[in-house]
Each structure stands twice: as structure tokens, then as C-alpha cells.
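Single-structure report; data block below.
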Amino acid sequence: MNVFAAIGRVTLGFFRETGRLSLFTADSVTGVVRPPVYWWLIAQQMMRIGYFSLPVVGLTAFFTGGVLALQIYNGASRYGAESFVPVVVLVGITRELGPVIAGLMVAGRVAAAIAAEIGTMRVTEQIDALTTLSTNPIKYLVVPRLIAAVISMPILVAIADSIGVFGGYIASTQSLGFNGSVYMNNTMNGLTFDDVSSGLIKAAVFGFIIALLGCYNGFNSKGGAQGVGAATTNAVVTSSILILAANYLLTNLLFTK
Amino acid sequence: MPAPGSVPKVELRGVKKRFGDKVVLDGLDLVLQPGHSLVVIGGSGTGKSVMIKCVLGILRPDAGQIFVDGQELTRLSGRARDEVLKKFAMLFQGAALFDSLPVWENVAFGLIQGRGVARAKAKDIAIQKLAKVGLGADVAMLSPAELSGGMQKRVGLARAIAADPDIIFFDEPTTGLDPIMADVINDLIISTVKDLGVTTLSITHDMVSARKISDHIAMLYKGKIVWAGPTAEIDHSDNPFVDQFIHGSAEGPIKMEVRA
């Protein structure tokens, strides 16, 4: 009997959580189109989510591009296909690694920060205080973060793409003996609009996931410091998993024709 | 003073609220007359906070009705509901100041965000309201984290009175303060309330504070009001629950739910 009870509890919990998240998402998305719009808060969040994530995203993109070039060279040289290194690095970075690596890094940085901030506001009754001051907490706290993340992530990924390709260029010219101008030429010839734009679409979706789960976990944190800690961990774990799952679905959608 | 038989400022009828299996409010009835200062007393976990959050519109009751100036809040929605909720202000237990904003913006928040007052004008009003709670203009630029607990309560009170509310709610106004600061806050509440002529609803388990700031007291136990009357009659209530609570005795009808 206990086995069934346990399965039932887990199943009910899963559906309850899914339902709650869906309602929260619906509330947040309708909040985007209803006035007032807090322009200043959106700008402030774009600074925090986008601009301050640049160093960490740039560094990871640089090293990822470099390591990608090294490994592709290793594999390609077995078949004498070294000349494909630039274009494979380009495709790998723009289609997959740029958005995914940036998404995961920003999830760790931003989803955690959002969940901790909003979670602390929840347990210190600051969110209730917003309601008593005629301010809708979803519109004031969630909507600016959602908008800022959806706008910032594609910009961040565009920059990460360039830095990643540059990382591949540095590795190829410095350790693999590629000629710099030939490498750049191959890269430019391989550059297509679809590769880059699909990565940017992914980035916008990842931005939405990061802000939404950061806010959702913060809003639902309970208790004191421990509750906020749990909310922060949950925000990072759930947003990372959802980013990877969404990446699979989007790749399926965008590239299988 | 209100004429007898006038419309109550706030009235709760049969309000019920449960969280999962736990029944918190179990058909609560309460009447708050205009101009009165009502304190609801009760032990921890008896549903005082939940009651106040239902009235404030933060929580939705599962059943029952809440009236504000004769309007049924529980049936309103959208803008009409927002208009009713604008009559309320609340001083939270931990002051609940927004730590990302300086003190003056905290006080002016409801004016700027909720009522569209221009920032410069709202700042002037905020400094006036800070003066009313005994804080100088120099405090206005500080961050809430730089203030002591008593000063945070004062700022919270200034924020509550900033938009000239009809009804102010106080959640444990003296909890966490030393006895002297508690008395200072009590005096401040009394003078502010007198000054503004507002109706107040407070919840507390501090009997000293309850006697001081109220003219009427109601006692909440297990999600229901078990006694209500003027503060002067609290010592002659002949109610075993009230007697046990005001004397702070472990013996009596109230059984503490102590979990191992």
C-alpha cells in the first residue's frame, strides 16, 4: 500500500507544481502587455542580467571555442579534413554551444540571484507590502526581469558567438598552425543567417526560462534563510534542466526539415 | 465618534481559510466600527496573520464574506477591488521595508507607484510623514539596512500613513523591540491614530501593547472569535479563554499544541 501512496504523492506533487508554474507563467505573460510598464526597472535588470554577465559568458565562450577547435582538429586530421575546422567551430558555436553555454552560465548567475532576492522579499513580507501599496508584485518584480532577460540573452549570445569563434581562431592559429587569414576566410564563407538566428531564438527562450524560474522559485519560497537557500538551488537546477530540454526541442524544431 | 448603528468599517462574516488539511480560520465573525481601535489578541498560530491578510486581499478566503464600508470585498474584482484596497495601509511585523530603495522612496512608494504622484512632490510628502513619526530629513537618504529596529518601525509607520489611508493594520507592532522602544512605538501609534482619525485593526500577543493602543479587544482562538468587547471590560470578561490569556497561565481551556 505504501508504494502506491508514495507514487500517488509524487504524481500529485508533480501535477500541482506544473499547474502552479503554468498559472504563474500565464499571470506573468499577461502582465507584460498590461500597463503600467516600469521602463526604469527593465533597464536596471538589463544591466544586471545582460551587462554584468558579459565577463563570465565571454570567458566560457572563448575557452569553449578554443577547445572545440582542438578536438575537431584531432578528429578531422584522421581523415585529412583539417580544412573543415573553421566551419565546424562556427556551426557548433552559433547553433548549440553559444546559446547553451551562455544559457547555463546565466542560469547559474542570474536565476540564483533573482530567486535569492525575491525569496528574501517573500520571507520578509516585502511582497505583501507591495500589494498593500497598490502595486502588483508580478508586474513590479517579475515582468521587468522577464522582459530584460528575453532582450539581453540574444545580445549576450551574439557576443558569445563572436568570442567563441575568436577562441577557435586563436587555438587554430597558435597551436594548430592554421594560417590566420585562411581561417577567417573559411569562417566568413561558412557563415549563414540561419545558423546564427536559430541560436539567437534559442537564447531568447533560455532568457525567458531563466527569469521565469528565478522569479517562480523566489515567489514560492517558505520559511527563513533555509527556504531562500532551497529556492535558489531549485531555481538553478530547474532552469538548467529546462534549458537543456528546451534546447533539444528547439533543435528538433529548427533544424529537422 | 460614529453614530450607533452606522455601517461598520470592516466586517467579516463566517470567513474560512484552510491550508491543505490545516483549518486556520473556521467561520470567523468580526466587526470593526469606524473610528475604533480594535486589537485582536491570540496565541501564536491561531490565525491572526491569516485573518489580516484575508482582509488586505493578500489571501483569498475559502468561504465567508468581508465587507468594507458596506461593500462586499470578496465579490469585487479588478479596479473596484483595487479602489477598496487603497483605503488600507499596513505596518508589518518586521516593517517589510524595501531594502533596495532609500528610506524616502520607501515612504513615498505607494504615492509614486500606486497613485502616480510625481517623484519630487512625493519626496516632500515623504519627508513630512517622516517628521510626523519623529524622524529628521537626514534619515530620508539612508538605506533601511542602516536603521535600528525601532527606526525601521517608524519608517514603516510613515509609509503606512503616507497615502492618507482610512484603515491602518498593525501586525505585532511591538514584537522584537525592547520594552522602552515598544512603549515609544505604542505612543506613536496612539498619537498618529488620533491625529489622522483613522480606524485601526491590530493583532498582537503583547497584552501591554494591546491594552494601551486599543479601545476594543477581540480574542481569537482556533480560527474563531471567542470574546469581543471594550478594552475596559477585559479584566471582567468572565471568559476562561480571555482570563487564561491575559494572565499568561499554562492552566486553562487553551491547550498549547506542542509538538515533540
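Coordinate-derived values only; no laboratory data. Computed from a prediction, not measured in an experiment: that's the story for all the values here. Backbone-built Cβ (ideal geometry, glycine too); neighbour counts: all protein chains shown.
Take chain B and mark each of the GluC sites (Glu not before Pro) that is in a DSSP loop with at most 12 other Cβ atoms within 10 Å; the longest unmarked stretch, sites excluded, is B:1-250. What FRET efficiency would be calculated for the residue pair A:Thr256, B:Arg115, taking the C-beta separation as r and a Förster radius of 56 Å, to the nearest 0.05? So the FRET efficiency works out to roughly 0.55. Can you give me the angle between helix A:225-255 and the longest principal axis of chain A, using Cα atoms only, in degrees from 0 to 90, rounded to the nearest 10? The angle comes out at about 50 degrees.
Simple rule: put +1 on each Lys or Arg Cβ and -1 on each Asp or Glu Cβ in chain A, find the dipole, and look at A:Val32, A:Ala160, A:Ala43; the Cα lying farthest toward the positive end is A:Val32. Pull out a ≥ b ≥ c, the square roots of the eigenvalues of the alpha-carbon gyration tensor of the range A:35-255, then state rounded if a/c is under 1.5, prolate if not and a/b is larger than b/c, and oblate in the remaining case. Here the range A:35-255 falls in the prolate category. Axis angle, to the nearest 10 degrees, between helix A:2-33 and the longest C-alpha principal axis of chain A: 80 degrees.
Distance from a point 7 Å along Cα→Cβ of A:Arg34 to each backbone N in the range A:216-230: keep the residues under 15 Å and list them by number. Nothing falls inside the zone, counting backbone N under 15 Å. Its DSSP H runs of at least 4 residues, each contributing -39,500 (n - 2.57), put the calculated 222 nm mean residue ellipticity of chain A at -27000 deg cm²/dmol, to the nearest 500. From the alpha carbon centroid of the range B:73-139 to that of the range B:198-260 is 31 Å.
When the helices in chain B are scored as -39500 (n - 2.57) per DSSP H run of 4 or longer and the sum is shared across all residues, what 222 nm value do you end up with, to the nearest 500 deg cm²/dmol? After summing the helix terms and dividing by residue count, I get -9500 deg cm²/dmol. With 29 Å as the limit, the listed pairs B:Lys17/B:Lys132; B:Lys53/B:Lys129; B:Lys16/B:Lys129; B:Lys129/B:Lys224 have B:Lys17/B:Lys132; B:Lys16/B:Lys129; B:Lys129/B:Lys224 beyond it between alpha carbons.
What does the charge count around B:Gly14 come to, taking other residues whose C-beta lies under 12 Å from its C-beta (Lys +1, Arg +1, Asp -1, Glu -1)?
Numbers: positive: B:Arg13, B:Lys16, B:Lys17, B:Lys224; negative: B:Glu11, B:Asp26, B:Asp29, B:Asp62.
Local net charge: 0.
With R₀ set to 41 Å, the beta-carbon distance separating A:Ser83 from A:Phe14 gives a calculated FRET efficiency near 0.25.
Using 0.36 nm per residue and subtracting the Cα-Cα separation, the extra length available between A:Tyr248 and A:Lys222 on full extension is 6.1 nm. Enter the angle in degrees (range 0 to 90, nearest 10) between the Cα long axis of helix A:193-219 and the first principal axis of the Cα atoms of chain A, meaning the one along which they spread out most. Around 30 degrees separate the two axes.
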